[in-house]
Amino acid sequence: MQQDSEQRVAVIGAGAMGRGIAAVAAAAGHEVYLYDQDAGAAAAAPDVIAADWAGLVQRGKWSQSQLDAARRRLRPASCLEELADAALAIEAIVERQDAKQALLRQLDALLPATAILASNTSSLSITALAAGLRHPERVLGLHFFNPATRMKLVEVVSGLATAPALADRLCTLMRAWGKTPVPAASTPGFIVNRVARPFYAEALRLLQEGACAPATLDALLREAGGFAMGPLELMDLIGHDVNFAVTQSVFQAMQQDPRFRPSPLQQELVAAGRLGRKSGRGFYDYGQALPAADAAPSRPAPAVLRVHGGLGAAEPLLARLQAGGVRLEREPGPAQGWLSWDGLRLALSDGRSATRRAADSGHAGWAVFDLALDYASAQRLALAVADQAAPELAAQAEGVLQAAGLQVSRLDDAAGMAVLRTVAMLANEAADAVGQGVAAADSVDQAMCLGAAYPRGPLAWADRLGNEYVAQVLDALHAQYGDERYRVSPLLRRLALSGGRFHD
Ligand code: NAI
């Protein structure tokens, strides 16, 4: 298909996604057929789309005549045969393989061999959808995100039989539609739905371990991690039925790889009908005021702290401590060193729990703090204290972090803490996706920032932290839990050993 807008586009399925895709194609100048097995849905779609466009007119981004012209390009169709001269057909019908295969077979027979057949599936294999067609080489995935009119990302997914040049052509077309296309191979979850799994899974694990309360965990991921929403509130928004179904589907498609194992905690929520916001209750009860995150009470600030070496990624905390009136005395030590005060040693987590660190070092008074996206501006930080430490050391450690202007949320001593563990696992999954040829490192980071609104691409984040450090964190988690889910991706391991980076 040429990128010129003379070409007709057919959208099959006039639900939320189909309407959004049709709106994008019509706004780009194409005539768009809209077909739905529910004739009423197709007939009503142009009005629904035009109501959305009215907002553009109100904000001065479109003229009324632009709206009217685009509205005229939307053509509800009463049968599939009316789509026969489309150059591109995009299906956005129900997410069932049998239904999509049957539809694609009909389109394969109906449309000329030059026409392209695309699926907006979020979880099914493009290879499987194309199998058995006359022309499987013209089938690919165009995975738009919801709402399709506003979300920039489109995963352009090639199956085994997809013609090699097709993804490039469709990427060009998607750019002409104002989208940011990211090419990916047809593998379970494509990029975003795969790489995002640990964002939910690690939160569920931490809750299961009783590391902290839900509101505290969400606040840590937002206020230290820089994520727009915490994982638990996000699952409540998506709906636990939907999120659990995606997790199960990726787990099955990945041959039950333990990394993708669904959580019994989420299964229980689904069983109880606590589906999140839409049912009024999930992790939070939406019938009442939402709970606040835990924060330690105000503690005395130390006058002097010794800095042994550096603080690694957390180095900017030193300036905040000085600004808070703490005098720093520098002592030699490793780049990833620690702070000390009386019997306390405080460091950025290296993946080991504080208790493990105390046992390994023979020094009882260990406390560790969590990763932050930006230590210069973070508002909150998680703290964990070794079981061996004297009780007053916990208050001392809180006082140190408070002196840097931080709210301090205590975690029960969970290995890898909250943000660090999540980011290390996101980077590990992203590394596996790159290592297995699903997509390039740039594409993975771009997809996660645009499709999941991450504050930084997981691979860029790993590069910044140092891949050796990220692998060390994962090794510590692997040692702690003896769980295969924490095994280090072969690509991450190579970069960790060679000092390499995902991005130049
Ligand atoms: P929806 O349920 O809102 O709409 C589906 C529409 O397809 C309905 O109007 C239904 O009548 C029609 N339909 C079902 N079977 C049909 C058939 N055999 N022939 C013609 N029309 C048929 O669903 P939604 O949310 O728009 O999703 C559609 C597709 O987009 C699914 O494959 C879904 O996985 C995918 N998707 C959904 C996203 C979301 O957030 N909702 C995001 C990205 C992809």
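The values are calculated or read from the model by the stated rules, or taken from the named source; none is laboratory data. What you see is a predicted model; the values in this text were computed from it and never measured. Heads up, the Cβs are rebuilt from the backbone with ideal geometry, glycines too, and the neighbour counts pull from every protein chain shown.
Test of understanding: among Ala479, Ala447, Ala453, which residue is at pLDDT 95 or above and part of a loop (DSSP other than H, G, I, E, B)?
Ala453
Somewhere in the range 386-408, is a residue in a loop (DSSP other than H, G, I, E, B) and closer than 27 Å to Arg487 by Cα?
yes
Assess whether Ala118 counts as being at pLDDT 95 or above, within 14 Å of the ligand (Cβ to nearest atom), surrounded by fewer than 19 Cβ atoms within 10 Å (Cβ to Cβ) and not in a loop (DSSP other than H, G, I, E, B).
No, not satisfied.
Being within 10 Å of the ligand (Cβ to nearest atom), farther than 22 Å from Thr114 by Cβ and surrounded by fewer than 24 Cβ atoms within 10 Å (Cβ to Cβ) is the requirement here; does Ala50 meet it?
Considered against the rule, which asks whether it is within 10 Å of the ligand (Cβ to nearest atom), farther than 22 Å from Thr114 by Cβ and surrounded by fewer than 24 Cβ atoms within 10 Å (Cβ to Cβ), Ala50 comes out as no.
Kindly indicate whether any position in the range 71-90 is hydroxyl-bearing (Ser, Thr, Tyr) and either assigned to a helix (DSSP H, G or I) or on the phi > 0 side of the Ramachandran plot (or both).
Among the residues of the range 71-90, not one is hydroxyl-bearing (Ser, Thr, Tyr) and either assigned to a helix (DSSP H, G or I) or on the phi > 0 side of the Ramachandran plot (or both), which makes the answer no.
(1) buried (at least 22 other Cβ atoms within 10 Å of the Cβ); (2) closer than 25 Å to Arg96 by Cα; (3) in contact with a Leu (Cβ under 6 Å, 6 or more places away or on another chain): which one isn't true of Gly239, the others all being true?
Against the list (1) buried (at least 22 other Cβ atoms within 10 Å of the Cβ); (2) closer than 25 Å to Arg96 by Cα; (3) in contact with a Leu (Cβ under 6 Å, 6 or more places away or on another chain), Gly239 comes up short only on (1).
Checking Leu107 against (1) surrounded by fewer than 20 Cβ atoms within 10 Å (Cβ to Cβ); (2) within 15 Å of the ligand (Cβ to nearest atom); (3) assigned to a helix (DSSP H, G or I): exactly one of these is not met. Which one?
Only one criterion is unmet by Leu107, namely (1).
Would you say Leu393 is of a type in the set (A, V, I, L, M, F, W, C), buried (at least 22 other Cβ atoms within 10 Å of the Cβ) and free of Cβ contacts under 8 Å to residues at least 60 places away in the same chain?
Judged against the criteria, Leu393 is a match.
Could you grab me the full set of residues in the range 341-370 that are on the phi > 0 side of the Ramachandran plot and within 33 Å of the chain's Cα centre (by Cα)?
The answer is Gly351, and nothing else.
Which pairs turn up if I take residues in the range 171-194 that are within 11 Å of Ser158 (Cα to Cα) and look for partners that are of a type in the set (Lys, Arg) and crowded, with 21+ Cβ neighbours inside 10 Å with beta carbon separation below 8 Å, at least 6 apart in sequence or on another chain?
Every condition considered, the pairs that remain are Thr187/Arg194.
In the range 195-234, how many residues are over 30 Å from Gly159 (Cβ atoms), in a helix (DSSP H, G or I) and in contact (Cβ under 8 Å) with a residue 24 or more places away in the chain?
19
Given the condition more than 16 Å from the ligand (Cβ to nearest atom) and modelled with pLDDT under 95, answer yes or no: does some residue in the range 32-45 qualify?
No: the range 32-45 contains no residue that is more than 16 Å from the ligand (Cβ to nearest atom) and modelled with pLDDT under 95.
Would a scan of the range 32-50 turn up a residue that is touching a residue at least 60 places away in the same chain (Cβ under 8 Å) and either within 27 Å of Glu137 (Cβ to Cβ) or small (Gly, Ala, Ser) (or both)?
The answer is no, given that none of the residues of the range 32-50 is touching a residue at least 60 places away in the same chain (Cβ under 8 Å) and either within 27 Å of Glu137 (Cβ to Cβ) or small (Gly, Ala, Ser) (or both).
Would it be correct to say that Ala427 is closer than 23 Å to Ser340 by Cβ, crowded, with 22+ Cβ neighbours inside 10 Å, in contact (Cβ under 8 Å) with a residue 24 or more places away in the chain and small (Gly, Ala, Ser)?
In short, no.
Could you go through the range 65-74 and let me know if any residue there is within 16 Å of the ligand (Cβ to nearest atom) and surrounded by 13 or more Cβ atoms within 10 Å (Cβ to Cβ).
For the range 65-74, residues within 16 Å of the ligand (Cβ to nearest atom) and surrounded by 13 or more Cβ atoms within 10 Å (Cβ to Cβ): present.
Restricting to the range 178-195, name every residue that is buried (at least 21 other Cβ atoms within 10 Å of the Cβ), closer than 28 Å to Ala28 by Cβ and of a type in the set (A, V, I, L, M, F, W, C).
Val182, Ala184, Phe190, Ile191, Val192
Is there a residue in the range 10-21 that is among the basic types (Lys, Arg), farther than 15 Å from Thr149 by Cβ and either within 9 Å of the ligand (Cβ to nearest atom) or in a loop (DSSP other than H, G, I, E, B) (or both)?
no
If you take the residues of the range 121-171 that are among the charged types (D, E, K, R), within 16 Å of the ligand (Cβ to nearest atom) and assigned to a loop (DSSP other than H, G, I, E, B), which of them is surrounded by the fewest Cβ atoms within 10 Å (Cβ to Cβ)?
In this case the residue turns out to be Arg150.
Under 7 Å by Cβ, and 6 or more places apart or on different chains, what pairs join a residue from the range 59-79 that is free of Cβ contacts under 8 Å to residues at least 24 places away in the same chain with one that is polar (S, T, N, Q) and assigned to a helix (DSSP H, G or I)?
The qualifying pairs do not exist here.
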